[in-house]
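Everything on this sheet refers to the single structure shown next.
Values in this text are rule-based calculations from the coordinates and carry no lab data. Model, not experiment: these values are computed from the prediction. For neighbour counting, all protein chains shown are included, and Cβ atoms are generated from backbone atoms with ideal geometry for every residue, glycine included.
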Amino acid sequence: MTFWLVLTVNSITFGGLLFLLSAGFSLIFGLMRIPNLTHGSLFMLGAYFGATFIGGYLTLQFDFWVAAVLAALSVAVFGAVIERLLLRQLPGQQMAQVLVTLGISFMVADFCLLLWGGDPINVATPQGLAGFVRAGPAVFPLYRLGVIAIAAAIAAALWLLLDRTRLGAMIRAGVDDPDMARVVGIRVSQLFTIVFALGAGLAAFAGVVGAPILSVYPGLDQDMLPLALVVVILGGSGSLLGSFVGSIIIGFIYNFGQALFPELAYFVLFLPMLLVLILRPQGLFGRFVP
Amino acid sequence: MRRHQIALLAAAVALVTLPYWMSGVYYINVASQILFFAVFALGLNIIAGYGGLVSLGHAALFGISAYVVGYLLQHGFGHASAILGALLAGLAATAVYAALALRATGIGFIMITLALGEILWGLAYRWISVTNGDNGINLHGRPQPFGIDINSATAFYYATLIVFVAAVAAVAVFVRSPLGAALMGTRDQPRRMNALGYHVWAIRFWACMFSGLLTSVAGILFVYYTQFISPQTLALTSSAEVLLMVIAGGAGTLLGPIVGAGLVVVVKSVVSGFIERWNFLLGAIFVAIVILMPEGLVPGTVRLWRRAWQGKNGTSP
């Protein structure tokens, strides 16, 4: 019983992390119609930045949360630069844009290997959340519960942003019908930059928040990108609710899979994707078939 | 047309006599690598170039065949049954892969193939009892087709060359066949093809199967060449490398993937002698080619060549 309870909490925690990663992925996909293949790299880059800020390698040593926000901001700027300087060169050519994001992901991965080396970096849990919580026989690390709270807060904030603000209305209009949005005077290409930066920042933040659980290592990008892809295929692109539900489902399947049949954990992810592709190609809450 | 034939003859003579004017086992091995990667790139080009369906998971199909050869040999099967098993497994995997990925086209196709490729990579990496995990599977020795020993570099080169020529011929026939024409039709005008009564899905499916066959053949050559298979072969980097071969050379042309394979293998072997940063260069070349020369080297050069030729004869406007 305790085993299942702990596993459930871990699954929700991982689902929360996946949500932070895939919400931006899904929005970029919805608006620009491209899967951003640098998303795993942005996650890893954020994690490395965060680890560097926390570890005090730059003479200054930052608090965990300050480091997370700083990493998110720097990676958001990096994302905006990619969108402005490279993707903007290929307007309307989605295939070419995807290949450019793929090329950048290799460059980022190699750059990280060059700068931070091949050894994994462990990040300590932030001080306030280092303890444990007891619930009957089960013991939960406080940090995992904290991650769930953070993910829920960010989900609520994103929902407010998309559903209640003028910018959110413009983004939704751009997702549903980019041409019509342009006609009514929304500068969709400017939204591209904003959403790309937002998605990059969220991915980087997720990287730092996930670092105490996953640690930071070369290849982290290739571990996370497929998960974001599967979440979006499952939940549907361009939908916040879709990435939320998809993340939780994948969080459960991945963690339970790893506990029950560790050798096939990655393969089990294939099953929900298979079902969705056969029964509902646009995903559970998708707005369009990619 | 005559210039065409002369060029073809010169290329054939150069390939057949290569071990005599290219001294050194190292260079002959590089040539073998170019040939089997060219078969792989030709396979991807069938769907990515002629079909307009860009796959980012092809290395997984390539890897499955290689793994099946390794696994069957390890469990005491002979070379003939290992090769046959690898071909069958490759085709079966391609059928599942195509059935799933063809739920979508365009960007959706890329996403699904990428996800499938990564999942198979994860499987190769973690299913340690079968794949031996990160340590991979070692092979011992090469087969002896018709009693001929192909363990030496030169003999293996000729075996690869024969397969390569057969693959090029098969692709040339395919492209000129009604199925090839229909495939290009589904790339350019899928709705019109559908209205004309063509079964667009079936055409794409069979194109995927042909692509998968060439990919499996290349995977088998690869594993016999390196005598080793590990999850790295299935990684996204490998899928991207072969896609770079197709795009750099010129997608949708017969010669493009071959030139691209030569380019990527040579750059990779030369560069890895000097620096470790091949992945960075791979990414940079990708970005540069997509932004600066999206049509690829072969069509780009042909265009420049034609313009120069016409200019000399005074026929150009």
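What is the mean number of Cβ atoms from other protein chains located within 10 Å of the Cβ atom of each residue in peptide A:136-143, rounded to a whole number?
Numbers: counts 0, 0, 0, 0, 0, 0, 0, 0.
That average works out to 0.
What does the convex hull of the Cα atoms of region A:199-290 come to per residue, in Å³, rounded to a whole number?
Working: hull volume 9.5 nm³, N = 92.
Normalising the Cα hull of region A:199-290 by residue number yields 103 Å³.
Note on A:ASN122 and A:ILE213: the model spin-label points, each 7 Å out from Cα along the C-beta direction, lie 1.8 nm apart.
Taking 0.36 nm per intervening residue step and subtracting the Cα-Cα distance, what contour gain separates A:VAL77 from A:MET1 on full extension? Please report the intermediate quantities before stating the final value.
On the way: separation 76, 0.36 × 76 = 27.36 nm, distance 4.58 nm.
Additional length available on full extension: 22.8 nm.
In terms of its Cα atoms, region B:1-144 spans 49, 41, 24 Å along the principal axes, sorted from long to short. Between B:ASN29 and B:SER269, the modelled label-to-label distance comes to 0.9 nm, taking each label 7 Å out from Cα in the direction of the beta carbon. The order of the peptides B:70-77, B:245-252, B:266-273 by mean Cβ neighbours within 10 Å, most packed first, is B:245-252, B:70-77, B:266-273. Apply 1/(1 + (r/R0)^6) to the Cβ-Cβ distance of B:ALA181 and B:SER81, taking R0 = 60 Å, and write down the FRET efficiency to the nearest 0.05. E between B:ALA181 and B:SER81, to the nearest 0.05, is 0.95.
Take each residue in B:273-281, count the other chain C-beta atoms within 10 Å of its C-beta, and the mean is 3. How much net charge surrounds A:LEU5 when only the other residues with a Cβ under 15 Å from the Cβ of A:LEU5 are counted, with Lys and Arg +1 and Asp and Glu -1? Charge balance near A:LEU5 sits at +2.
Quick one: Cα centre-to-centre distance for region B:9-76 and region A:199-218, in angstrom? Between the Cα centre of region B:9-76 and that of region A:199-218, the gap is 38 Å.
Beyond 37 Å, the tail of the calculated P(r) for chain B holds 16 percent of the Cα pairs. Charges were assigned to the Cβ only: +1 to each Lys and Arg, -1 to each Asp and Glu. The resulting dipole of region B:179-317 about its Cα centre is roughly 480 debye.
Computed from the C-beta positions of B:THR154 and B:PHE228, the FRET efficiency with R₀ = 25 Å rounds to 0.75.
Extending 7 Å from Cα along the Cβ direction at B:LEU196 and again at A:LEU60 yields two label points whose distance is 6.4 nm. Summarised in one figure, the compactness ratio Rg/Rh of region A:77-205, Cα atoms and Kirkwood Rh, is 1.09.
Cβ neighbours within 10 Å, averaged per peptide: list B:110-117, B:83-90 in order, most packed at the top. If you can, show how the numbers build up before the last one.
Details: B:110-117: 26.0, B:83-90: 19.5.
Packing order, densest peptide first, comes out as B:110-117, B:83-90.
At an R0 of 41 angstrom, the distance between the Cβ atoms of A:PHE132 and A:ARG84 translates into a FRET efficiency of 0.35. Within 10 Å of the Cβ of each residue in B:236-243, the mean number of Cβ atoms contributed by other protein chains is 3. For the protein assembly as shown, the average shadow cast by the Cα convex hull is 32.1 nm², which is a quarter of the hull's surface. Extents of region B:197-317, largest first, come to 56, 53, 25 Å (Cα atoms, principal axes, whole angstrom). Packing, as the average of other Cβ atoms within 10 Å across residues, places the peptides B:253-265, B:94-106, A:72-84 in the order B:253-265, A:72-84, B:94-106, highest first. Region A:22-99 and region B:126-146 have their alpha-carbon centroids 38 Å apart.
The separation of region A:137-197 from region B:202-256, counted between C-alpha centres, amounts to 38 Å.
How much net charge surrounds B:ASN279 when only the other residues with a Cβ under 15 Å from the Cβ of B:ASN279 are counted, with Lys and Arg +1 and Asp and Glu -1? Before the final figure, lay out the partial values.
Working: positive: B:LYS268, B:ARG277; negative: A:ASP110, A:ASP221, B:GLU241, B:GLU276.
Value of the local net charge: -2.
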